[in-house]
Each structure stands twice: as C-alpha cells, then as structure tokens.
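Engineer: I'd like to ask you about the structure that follows.
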Amino acid sequence: MEVYLDNSATTGCFQDVAAFMTHIMCSDYGNPSSLHLKGVQAENYIRYAKETIAKLLKVSEKEILFTSGGTEADNIALIGCALANYRAGKHLITTMIEHPAVLQTMKYLEEQGFHVTYLSVDNKGRIRLEDLQKAMSKDTILVSIMHTNNEIGSLQPIAEAGALIKKMNPRTLFHVDAVQGFGKFRIYPKKMNIDLLSASGHKIHGPKGVGFLYINEKVKIKPIIYGGGQQNNLRSGTENVPGIAGLAKAAEILYGDLDGDVDRLYELKQRFIDGVTRIDHVKINGYTGRESAPHVISVSVRGVRSEVLLHALEDRGIYVSAGSACSARKPQPSATLKAIGVEKELLESTIRFSLSVFTTEEEIDYTLQALYDIIPMLRRYARH
C-alpha cells in the first residue's frame, strides 16, 4: 500500500487539471502576446484564470499577478514594495516562523539597509497582537505574516492583525503568505485589510512552477523582473498559460466543496492525533482542532531521530517529511520548532504528516499501525 502524507510539500495533480493543461499545451499553445487567433485563445485562458481567482478572493481581476510560484510571489511583494516605498520608511515587520521565501528575502533587504523586526510566537506558534502593536512605528512600510504555518499548521490572527496595522498606520502595507492557507480557507483580502497575498499551484492539486500574487490596486510596487512588459509591466516574460489555467482549474475544483472537504480533513486529522498520541512519549506540536490547519500535523517522537523514522515509514510505502521540503536537502534544526520552544532533544525527532483531499481513513489507520510497529522497535535499537 502507498500512502502519501507529504502534501504540505506538494500535492498530486487533479486528473481534470492535468487533462486541461495537456489540451492547452498540445492544441491551444499560442503565445498570449500574439495578435492572431492562437494568441487570443491563449489570452482567454489567462482571462479565465484571473476571473476565477479574483472571484474566489472577491477582488478585481486586474489585481492578480501570475508568478512561477509562492517563492517568487513573496519576493515580488517584499522587494517590490520595499524598493517602491523606502522614502516613507525603512522598517519592516515579519515573524520568526515564516517560510524561507520570506525570511531569506528579509535578510536580503536588511543587507540593503532596511531594518526588520522579527515577532516571536507563543508555544503553539501564534503571534501576540500586542507585540505587533509595539513593533509598529511611523517608519513601518510593510508587515508580512503567514496565514498558515507550513510545519506545525498554526493559524495567525490575520484579520485582527490587518485591522491593527491599518489603525496604527494606514500607509503600512500588509503582505500575507497564504501558500498553505489558500485552498483550505476562504480568504478575503479586502475584508481582512490584506494588501498583498501569495499562493502557489502545487499546494492545491495544481501544477508546479506557477503561483499568483494579489496586489491591491492602490499599492505602490516595483517589478523585480524586466523585459517585454507582460502583466502590466510588473512581471515580464511569456506567461505560463497551461500552468496559469491549471492553477485556476485546481482552485475552482477545491473551492467547489470546500466546507465538506475541510470538515473531512479535520476528522481525519483528529483520528490520526487520537491514534498517534496513544504511543508513549509522543507529542503534537502546535494547536489541534479548528485552531489549526486541517491538513498539517507535527509529531515529535522522543528517542527516535526523524530521518530514521522517515525512512522506516518509507519502507512501508508511507511518505512523510522531516520538516519544510524547501530545506530538506540541507537538514538543520527547524526555526519554527525552536521558536515555539520545542526542547533540543526533540528538534531532530519531529515528523510532519500532511493530508489532502485524497487522504482516506484506511491510509490513516495503516499509517498508525505502522507507527505502532516501528517506534518501539526503533527505540529498542537506539538504546543498543
């Protein structure tokens, strides 16, 4: 039996999305900048994608910018806004548990003369609004807070943070990395005071290599890629039409029965948590239930190294992660786990299980049985 529980790293593509993209690649393959019929056909797919995503977010179509994924969307948001607004101030705010696409970009901006405040989180991975309020100043030009943490599934108080930011300084821009939240929650930027929002196709059963950035039409932002002037001069380069259309189709499918899918995911998550915590010295990191994401479960197993457990599960056909996939090739202690105060011994004994709409009860039970068999055996081996 094969069980894929690494959906925070990437998801399997919906069959309908793959077929849709294949048709575009093989039949409607024109360049959307071309003036002939093939170009118009391609441009229509981009228009469909913009309409679809804008409708889901309740924003304007002209506020959607397509990118190569969440990382590029984060980079455009942070660097583009910092460069465009530095005369108003050079202070930026983010959190200690952001994705590397935000944290590393912030480090780059520090090298360019910007000052960054990194907000701490509580032991469940949630920021304190009073810390955000204290950090805000007249020089704060941008705040970036992720919607859903990719390692422990903690949810940030985005609406409350957005309201606070605008109350403290209406000119401060609010960016939200929603790569793990889009497709799991209904997110409305206008209502939540979000100026910029990043998302990615391969986290929602769409293709890799495509994402989008919502940019409020009032935001002052500079491009970081120059060339032919596509997408209103904000991101030059021929658009990835099959990817863009596939991203929109995947979002359309996911949001078609969002409530039902999310309810089922929370049930599966609780089934897994109830089962895995029967094992001695196993700890769940972060919030559980509706206070957390429906698909992410971080589990620390005392006495067993995460890499060893990962490969033992792999031998049973079960695929999980020892942390963020973006840093998996260079293992190092998780900044998120350190930020929530996970003890040193457990930093290298933590596994992430992440579910999807394809996950079944049978797969959860199979994984639990494997853990019941494997963990005692690995602990005995470790003692010798």
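The values are calculated or read from the model by the stated rules, or taken from the named source; none is laboratory data. Being a predicted model, the structure only gives us computed values, none of them experimental. Glycine gets a Cβ as well: all are built from the backbone with ideal geometry, and neighbour counts include every protein chain shown. Only protein heavy atoms, including side chains, enter the accessible area calculation; ligands, DNA and RNA are left aside. Shrake-Rupley method; radii C 1.70, N 1.55, O 1.52, S 1.80 Å.
Engineer: With the crude spin-label approximation of a point 7 Å out along Cα→Cβ, what separation in nm comes out for residue 36 versus residue 319?
Structural biologist: About 4.0 nm, to one decimal.
Engineer: Apply the Karplus parameterisation 6.51 cos²θ - 1.76 cosθ + 1.60, with θ equal to phi minus 60°, to every residue of the range 250-263 and state each ³J(HN,Hα) to the nearest whole Hz, in sequence, with x for glycine and proline.
Structural biologist: Karplus-based 3J(HN,Hα) across the range 250-263 equals 5, 4, 4, 5, 4, 7, x, 9, 4, 4, x, 5, 5, 4 Hz.
Engineer: Per residue of the range 239-245, in order, report the coupling 6.51 cos²θ - 1.76 cosθ + 1.60 (Karplus, θ = phi - 60°) as ³J(HN,Hα) in whole Hz, putting x for Gly and Pro.
Structural biologist: Ordered by residue, 3J(HN,Hα) equals 5, 7, 4, x, x, 4, 5 Hz.
Engineer: Check which residues have an amide H placed less than 5 Å from residue 137's amide H, if you skip close sequence neighbours.
Structural biologist: For residue 137, whose amide H was placed from the backbone, there are no distant partners under 5 Å.
Engineer: Still on this structure, I have one more. Which trypsin sites (Lys or Arg not before Pro) in the range 15-67 pass both tests, a DSSP loop state and at most 15 other beta-carbon atoms within 10 Å?
Structural biologist: 58
Engineer: Ordering 252, 63, 362, 345 from largest to smallest accessible area (1.4 angstrom probe), what's the sequence?
Structural biologist: Correct descending sequence by accessible area is 362, 345, 252, 63.
Engineer: May I ask you to give the solvent-accessible area per residue for the chain, in square angstrom, as obtained with a 1.4 angstrom probe?
Structural biologist: Normalised by residue count, the accessible surface of the chain is 44 Å².
Engineer: Let me ask something additional. Going toward the positive end of the dipole of the chain, with +1 on Lys and Arg Cβ and -1 on Asp and Glu Cβ, which of 76, 355, 30 do you reach last?
Structural biologist: Result: 76, furthest along the dipole toward the positive end.
Engineer: Lys and Arg at +1, Asp and Glu at -1: add these up for the other residues within a Cβ distance under 15 Å of residue 361 and post the number.
Structural biologist: Spelling it out: positives minus negatives among the neighbours equals -4.
Engineer: In terms of Cα to Cα distance under 25 Å, which lysines are near enough to residue 138, apart from those fewer than 8 places away along the same chain?
Structural biologist: Hits, sequence-local ones excluded: 90, 107, 166, 167, 190, 191, 218, 220, 222.
Engineer: Where does the charge balance sit around residue 40 when Lys and Arg score +1, Asp and Glu -1, over other residues with C-beta under 12 Å from its C-beta?
Structural biologist: Neighbour charge sum, excluding residue 40 itself: 0.
Engineer: In the chain, what percent of the accessible surface is made up of carbon and sulfur (1.4 Å probe, ligands and nucleic acids excluded)?
Structural biologist: Taking all protein chains in place, the chain shows 50 percent carbon and sulfur surface.
Engineer: Also: If you put +1 on each Lys and Arg Cβ and -1 on each Asp and Glu Cβ, how big is the dipole of the chain around its Cα centre, in Debye rounded to 20?
Structural biologist: Here the size comes out at about 1260 debye.
Engineer: Given 58/203; 184/249; 55/184, which pairs have Cα atoms separated by over 18 Å?
Structural biologist: 58/203
Engineer: Count the net charge of all other residues whose Cβ sits under 12 Å from the Cβ of residue 99, scoring Lys and Arg as +1 and Asp and Glu as -1.
Structural biologist: Net local charge, residue 99 excluded: -3.
Engineer: Please list 3J(HN,Hα) in residue order for the range 306-317, calculated via the Karplus relation 6.51 cos²θ - 1.76 cosθ + 1.60 where θ = phi - 60°; whole Hz, with x for glycine and proline.
Structural biologist: Here the 3J(HN,Hα) series is 4, 5, 5, 5, 4, 6, 5, 5, 4, 4, 9, x Hz.
Engineer: Among DSSP beta bridges lying fully in the chain, give the percent that are antiparallel, nearest 5.
Structural biologist: Here the antiparallel bridges make up roughly 55 percent for the chain.
Engineer: Gain in length, residue 257 to residue 332, computed as 0.36 nm per residue apart minus the alpha-carbon separation, to one decimal in nm?
Structural biologist: My answer for the length gained is 23.2 nm.
Engineer: With runs of 4+ DSSP H residues as the only contributors, calculate the mean residue ellipticity of the chain at 222 nm using -39,500 (n - 2.57) per run, divided by the residue total and rounded to the nearest 500.
Structural biologist: -13000 deg cm²/dmol
Engineer: Gap in Å between the Cα centre of the range 76-127 and the Cα centre of the range 268-295?
Structural biologist: Taking the Cα centre of the range 76-127 as reference, the centre of the range 268-295 is 31 Å away.
Engineer: Taking a ≥ b ≥ c as the square roots of the eigenvalues of the Cα gyration tensor of the range 1-100, is the shape rounded (a/c under 1.5), prolate (a/b larger than b/c) or oblate?
Structural biologist: oblate
Engineer: Assuming R0 = 22 Å, what is the FRET efficiency of residue 218 and residue 159, from their Cβ-Cβ distance, to the nearest 0.05?
Structural biologist: 0.70
Engineer: Skipping prolines and chain starts, which residues have an amide H placed within reach, meaning under 5 Å, of the one on residue 33, given they are 5 or more residues away or on another chain?
Structural biologist: none
Engineer: Normalising by the residue count of the chain, find the relative contact order in percent from Cα pairs under 8 Å and 6+ residues apart.
Structural biologist: Relative contact order comes out at 23 percent.
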